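Okay, so here's the structure we're looking at.
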Amino acid sequence: MKMVKSLAVIGLTCFASIANAADRLTVYSYRQAFLIEPILENFTKETGVEVDVVFSKKGIAERMKREGRLSKADVVLTSDFYRLMELVEKDLVAPASSDILKQNIPQKYRSPDDEWYALTMRVRNIYSSKDRLGKLDINYEDLADPKYKGKICTRSGKHPYNVSLVASMIAHHGEQETKTWLEGWKANLARKPQGNDRAQVKAVSEGLCDIAIGNSYYLGKMLQDPKQKLWADAIEINFPNQDNRGSHINVSGMALAKHSKNQAAALELMEFLSGDKAQQAYAEVNYEYPVKADVAPSTLVASWGAFKADDLPIYKLAEYHGAAIKLLDEVKFDL
């Protein structure tokens, strides 16, 4: 597995910090360097604690398991809830109890046992063709409506983003009803599931389908890319289930590594990441919704309008993850 290693810029501190006992931390990160490094540089400036970062798109949990007590990881940053769950299941995290974290992060976006905390939120949106369908008042349940037969594009059902959506459907409707829904959704697909979330928007812009499923922050990224802006301009963003339970939310997050040698400093970093400065950086740089309630989204994201989020606690999705995978296999969703 190829890893890219990056050192955060060393800053000077003008005040004493709890982290002074450890002048260096190591972060294992699924999140990309362009987003994380500036935030960690600010942490270094405020505390004097340097941060080494190991970036990887996959395999961090396996690496930590292999390293065991010799692991250098102090904090782990993930790009979705599935990765947080994986860390817990593999017994790779330690409880991180903090009044600051609990004040900054709503209860439904953190582990009941302090094993992980969400950092940002993204909505699993339904996009529609601006020309052919326009803005829609739509629910996730409507993906199985026969009127959309041959009109829907999606990435693999087994991708963590879609597995989490299916898990939320099981939580609300039960397994049998969700299986029927999955069969209807599959019957409405315009093509075999493929590509990433951006590829689905591209397919809508090219007329291959009229509806696509995708995370909210990808729209912000596409609007800032001259080539992909043409795709994004062809769609409307719709927040599903606004007249009932609210839109499905997924999260990025963080956890304290089980074998961290610098837990006090690691906890201080986690508190910093949940604070106003870091939360605003996530909002402005990556078009995600801050998990801290009093930090506003970026101007672009705010322009999409307010929405009602599903009140289902994120940690409940773990209870239905296995059942979601089983149903996706049973209906052969990706075939």
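Checked against the criterion of being under 17 Å from ILE249 (Cα atoms), buried (at least 21 other Cβ atoms within 10 Å of the Cβ), at pLDDT 95 or above and in contact with a His (Cβ under 8 Å, 6 or more places away or on another chain), the candidates LEU119, LEU165 yield just one match: LEU165. Looking at the range 274-290, which of the residues that are assigned to a loop (DSSP other than H, G, I, E, B) and under 12 Å from VAL123 (Cα atoms) is least open to solvent (accessible area, probe 1.4 Å)? The selected residue is GLU288.
Restricting the range 295-304 to residues that are part of a loop (DSSP other than H, G, I, E, B) and either open to solvent by less than 50 Å² (accessible area, probe 1.4 Å) or modelled with pLDDT under 95 (or both), which is farthest from SER71 (Cα to Cα)?
Filtering the range 295-304 for residues that are part of a loop (DSSP other than H, G, I, E, B) and either open to solvent by less than 50 Å² (accessible area, probe 1.4 Å) or modelled with pLDDT under 95 (or both), the one farthest from SER71 (Cα to Cα) comes out as TRP304.
Working only within the range 79-131, note down all residues that are within 12 Å of the chain's Cα centre (by Cα) and either of a type in the set (A, V, I, L, M) or over 23 Å from GLY246 (Cα atoms) (or both). Once the filter is applied, which keeps residues that are within 12 Å of the chain's Cα centre (by Cα) and either of a type in the set (A, V, I, L, M) or over 23 Å from GLY246 (Cα atoms) (or both), the range 79-131 yields ARG83, LEU84, ALA118, LEU119, MET121, VAL123.
Go through LEU219, LEU273, LEU230, LEU327 for me and flag whichever is under 18 Å from the mean Cα position of the chain (by Cα), modelled with pLDDT of 95 or more and closer than 22 Å to GLN194 by Cα. Unique residue meeting the criteria: LEU219. With a requirement of 3 or more residues that are of a type in the set (D, E, K, R) and within 25 Å of SER168 (Cβ to Cβ), the helices (runs of 4 or more DSSP H) lying completely within the range 18-91 that satisfy it span 81-89. Being over 23 Å from the mean Cα position of the chain (by Cα), surrounded by fewer than 23 Cβ atoms within 10 Å (Cβ to Cβ) and of a type outside the set (A, V, I, L, M, F, W, C): is that true of ARG191 here? So ARG191 passes the test.
Just checking, which of LYS326, LYS332 is open to solvent by 20 Å² or more (accessible area, probe 1.4 Å) and in a loop (DSSP other than H, G, I, E, B)?
Numbers: LYS326 fails: in a loop (DSSP other than H, G, I, E, B).
Just one listed residue meets the conditions, LYS332.
For the range 218-248, the set of residues classified as buried (at least 22 other Cβ atoms within 10 Å of the Cβ) and without any contact (Cβ under 8 Å) to a residue 12 or more places away in the chain is empty. Residues in the range 242-252: is at least one out of contact with any His (no Cβ under 7 Å at 6 or more places or on another chain), closer than 26 Å to GLU89 by Cβ, assigned to a strand (DSSP E or B) and among the hydroxyl-bearing types (Ser, Thr, Tyr)? For the range 242-252, residues out of contact with any His (no Cβ under 7 Å at 6 or more places or on another chain), closer than 26 Å to GLU89 by Cβ, assigned to a strand (DSSP E or B) and among the hydroxyl-bearing types (Ser, Thr, Tyr): present.
Quick one: in the range 139-161, which of the residues that are within 24 Å of the chain's Cα centre (by Cα) and surrounded by fewer than 21 Cβ atoms within 10 Å (Cβ to Cβ) is farthest from ARG83 (Cα to Cα)?
ASP142
Residues that are open to solvent by less than 10 Å² (accessible area, probe 1.4 Å) and not hydrophobic (A, V, I, L, M, F, W, C) were ranked within the range 249-273; the one that is farthest from GLU115 (Cα to Cα) is ASN250.
The values are calculated or read from the model by the stated rules, or taken from the named source; none is laboratory data. Bear in mind that the values here come from a model prediction, so they are computed numbers and not experimental data. Virtual Cβ from ideal backbone geometry, glycine too; neighbours counted across all protein chains shown. Note: accessible area is taken over every heavy atom of the protein model, side chains too, but ligands, DNA and RNA are not part of it. Shrake-Rupley method; radii C 1.70, N 1.55, O 1.52, S 1.80 Å.
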